[in-house]
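Presented below is the structure to which this report refers.
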Amino acid sequence: MSNKANLNKDEVFAEEITKASDFKFGAKVASVFDDMVSRSVPYYGEIQRMIAELAADQVQKGTDVYDLGCSTGTTMIGMNTLVDPTIRFVGIDDSKEMLDKCDVKLKEAGFVRPYELRVADLGEKVEITNASVVVLCLTLQFIRPLYREKLLKTIFDGLVPGGVLIISEKILAEENSFNRDFIKYYYDYKRRNHYSDMEISQKREALENVLIPYKLSENIYLLREAGFAHVETFFKWYNFSGVIAVKK
Ligand SMILES: C[S@@+](CC[C@H](N)C(=O)[O-])C[C@H]1O[C@@H](n2cnc3c(N)ncnc32)[C@H](O)[C@@H]1O
């Protein structure tokens, strides 16, 4: 394995941590994020492909596409190949380190379309206007529950008629009795991707107060409450989901 590959490998929780702290999307995580997310989210590549093709079919001329919690820009790079090149992309994240990496990756991917990368906290006032596609991929789960309703309403108001919100989230099972099994299958998946039991348990602890998943039905309820007319599930794997919501 080359030194470069080792540098990009997620080993954030590989050493025993004596002083526990909450998970943060700072420089350390940003530098290994692509490896982390592709080894930690089942069907991550396929979810990205699905988001790109859904976005390409839903986008409307003269509007913008937003990626909220865009991290290193993987979703925008996927959409770039399929979405009309005149459409402007807006990537928003509150981690400057993530957006710096994102900018490098978009340039490496040969972006020629107009795009803007904005540091902003999605839990506060965020400006979304003239959007026909908004993506929230693995991000709503990190927004404090208190602010989720307001964020979804802001997105709804910022969408043009016929615009869509595409959400992918870690979720809880509808029946509590299934949660334990789903999590067991998920940790087995992480072990198959070469995470040790210590890495799995230390990351779980760090995420405990930071990543707060809802049930799929709760997310669908919030989307309907925000005003979305149609809500369709396009992806489901145990405790992961993908949903597209349409503003009439
Ligand atoms: C799991 S990552 C998202 C992955 C990315 N969308 C993808 O598809 O690869 C969550 C992202 O949300 C960002 N984030 C978390 N809380 C946020 C907030 N309150 N405001 C803005 N961004 C936030 C993090 O910095 C991180 O980049």
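State the volume of the convex hull built on the alpha-carbon positions of the chain, expressed per residue in Å³ and rounded to an integer.
125
Under 19 Å from the 7 Å Cα→Cβ point of residue 221, by amide nitrogen: which residues of the stretch 122-150?
140-150
If you stretched the chain out fully between residue 53 and residue 27, how much longer would it get, using 0.36 nm times the residue separation minus the C-alpha to C-alpha distance? Show your work: numbers first, answer last.
Working: separation 26, 0.36 × 26 = 9.36 nm, distance 3.07 nm.
Extending this stretch completely gives an extra 6.3 nm.
Report, ordered by chain and residue number, the lysines lying within cross-link reach of residue 248, taken as a straight Cα distance under 20 Å and ignoring same-chain residues fewer than 8 apart.
Answer for residue 248, where 20 Å is the Cα cut-off: 61, 150, 153, listed by chain and number.
Would you list, by chain and number, the lysines whose Cα falls below 16 Å from the Cα of residue 236, excluding same-chain residues fewer than 8 positions away?
Residue 236 reaches 170, 215.
Over what distance in Å are the Cα centres of the stretch 71-100 and the stretch 130-191 separated?
Going from one Cα centre to the other spans 18 Å.
So what's the angle, to the nearest 10 degrees on a 0 to 90 scale, between helix 216-226 and the longest Cα principal axis of the chain?
Roughly 30 degrees, rounded to the nearest 10.
So if we plug the beta-carbon distance of residue 108 and residue 177 into 1/(1 + (r/R0)^6) with R0 = 45 Å, what FRET efficiency do we get, rounded to 0.05?
Efficiency at R0 = 45 Å is approximately 0.45.
Since every read-out is calculated from the coordinates, none of them should be taken as a lab result. From a predicted model like this one, the values you see are computed outputs, not experimental measurements. Virtual Cβ from ideal backbone geometry, glycine too; neighbours counted across all protein chains shown.
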